[in-house]
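The values are calculated or read from the model by the stated rules, or taken from the named source; none is laboratory data. Predicted model only: the values in this text are computed from it and were never measured. Methodologically, a virtual Cβ is constructed for each residue, glycine included, from the backbone with ideal geometry; neighbour enumeration extends over all protein chains shown. Ligands, DNA and RNA are stripped out before the accessible areas are found, and what is left, the full protein with its side chains, is counted by its heavy atoms. Shrake-Rupley method; radii C 1.70, N 1.55, O 1.52, S 1.80 Å.
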Amino acid sequence: VAKDLGLQLPQISERGFRILDKGRAQYFALHGKTGHLVTAERIDREQLCRLVQQCVLRCEVIMVREM
């Protein structure tokens, strides 16, 4: 995420990033030391997408402060 936005790692914490997942569980997080988008917990595809053939998890990266 940091690389895609052209930010240095210290700027991530300064700008106040948040990851918004749809639903109750928080599946993704932003790794503070690397700036990578990582899984925050184990994701069980059979539990999440048992009724659909194509499984897609959507999330949004929100930056609190302006660029």
Problem set entry | Some residue of region 53-60 being modelled with pLDDT of 85 or more, touching a Leu at 6+ places or on another chain (Cβ under 7 Å), surrounded by 10 or more Cβ atoms within 10 Å (Cβ to Cβ) and in a loop (DSSP other than H, G, I, E, B) | yes
Problem set entry | region 18-37: number of residues that are at pLDDT 75 or above and either open to solvent by less than 50 Å² (accessible area, probe 1.4 Å) or closer than 13 Å to residue 58 by Cα (or both) | 10
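Could you pull out every one of the helices (runs of 4 or more DSSP H) wholly within region 1-52 that has 3 or more residues that are closer than 15 Å to residue 64 by Cα? Reasoning before the result, please.
Numbers: elements: 2-5, 9-15, 45-48.
Because the criterion is at least 3 residues that are closer than 15 Å to residue 64 by Cα, the helices (runs of 4 or more DSSP H) in region 1-52 that meet it are 9-15.
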